[in-house]
Each structure stands twice: as structure tokens, then as C-alpha cells.
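In what follows, a structure is listed as C-alpha cells, so that the remarks can point back to it.
The values are calculated or read from the model by the stated rules, or taken from the named source; none is laboratory data. From a predicted model like this one, the values you see are computed outputs, not experimental measurements. Here the Cβ positions follow ideal geometry from the backbone for every residue, glycine too, while neighbour counts run over all protein chains shown. Side chains are part of the model used for accessible areas, which takes the heavy atoms of the whole protein and leaves out ligands, DNA and RNA. Shrake-Rupley method; radii C 1.70, N 1.55, O 1.52, S 1.80 Å.
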Amino acid sequence: MNGRDGRSTRFGLAGHGVTGGGIARRLLAAGAELVVHDPDAAALGRAQAAGAIMAGTAGVLAGAGVVVLC
């Protein structure tokens, strides 16, 4: 996903449960770069399998143009 300036927007998502999982799937389907964190290893595994980058909380916040907390 590109912003108005044509640069790619990096999204950070903390929480990959029911709500966060749906948001993640839609962002990834749209071609977004997505960094996720969740304390549940199974949720992180699903996100990684879908193409997300796993990170700790600080990694989600670092360099993200948009951060979503679920």
C-alpha cells in the first residue's frame, strides 16, 4: 500500500486475535508490509504464515507509519 507520496506504508499491529487477525488478513491481501506482535505464539504463527513479519512490541512501533492496537 502506498501513501500519497508513493512510498510504501509500513503497518504495525499489536494483537492478532479475532479483530486483529481480520485486520491483518485484509492488510496483507492489499499488499501492505505488516509487522505484528501477540503474546499468543499460535496467533503469531498464523500471521507469519500469511506473510507478516513477527516482532516484539518495540519492533511493531519502530518505523511503522500506522500502528493498530487490538
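Considering only protein heavy atoms and a 1.4 Å probe, what is the carbon-and-sulfur percentage of the accessible area of the chain? Each step should come with its number before you reach the end.
Numbers: 2340 of 4090 Å².
Solvent-exposed carbon and sulfur of the chain make up 57 percent of the total.
May I ask you to evaluate 6.51 cos²θ - 1.76 cosθ + 1.60, the Karplus curve with θ = phi - 60°, for each residue of the stretch 8-13 and list the ³J(HN,Hα) values in order in whole Hz, giving x for glycine and proline?
Per residue, the Karplus-derived 3J(HN,Hα) values read 5, 9, 9, 9, x, 9 Hz.
Check Val35: other-chain or 5+ apart residues with amide H under 5 Å from its amide H, H built from backbone geometry?
Phe11, Gly12, Leu13, Ile53
Roughly what angle does helix 18-29 make with the longest principal axis of the chain, taking Cα atoms, 0 to 90 degrees, to the nearest 10?
The two axes meet at around 40 degrees.
Kindly write out, for the stretch 61-69 in residue order, the coupling ³J(HN,Hα) from the Karplus curve 6.51 cos²θ - 1.76 cosθ + 1.60 (θ = phi - 60°), rounded to whole Hz, with x marking Gly and Pro.
Per-residue couplings from phi come out as 7, 6, x, 7, x, 9, 10, 10, 10 Hz.
Suppose the chain between Thr19 and Ala50 were pulled fully straight at 0.36 nm per residue; how much longer would it get relative to their current alpha carbon spacing?
Numbers: separation 31, 0.36 × 31 = 11.16 nm, distance 1.56 nm.
That works out to 9.6 nm of additional length.
Quick one: go through the stretch 16-60 and flag any residue whose amide nitrogen is under 19 Å from the point 7 Å out along the Cα-to-Cβ line of Val67.
16-17, 20-21, 23-24, 33-40, 53-60, by backbone N distance to the label point.
For the chain, what is the accessible area per residue in Å², given a 1.4 Å probe and the full set of protein chains?
On a per-residue basis, the chain sits at 58 Å².
Could you give me the ³J(HN,Hα) list for the stretch 34-47, computed from phi with Karplus coefficients 6.51, -1.76, 1.60 and θ = phi - 60°, whole Hz, x at Gly and Pro?
Those phi angles translate into 10, 10, 10, 9, 7, x, 8, 4, 5, 5, 5, x, 5, 5 Hz.
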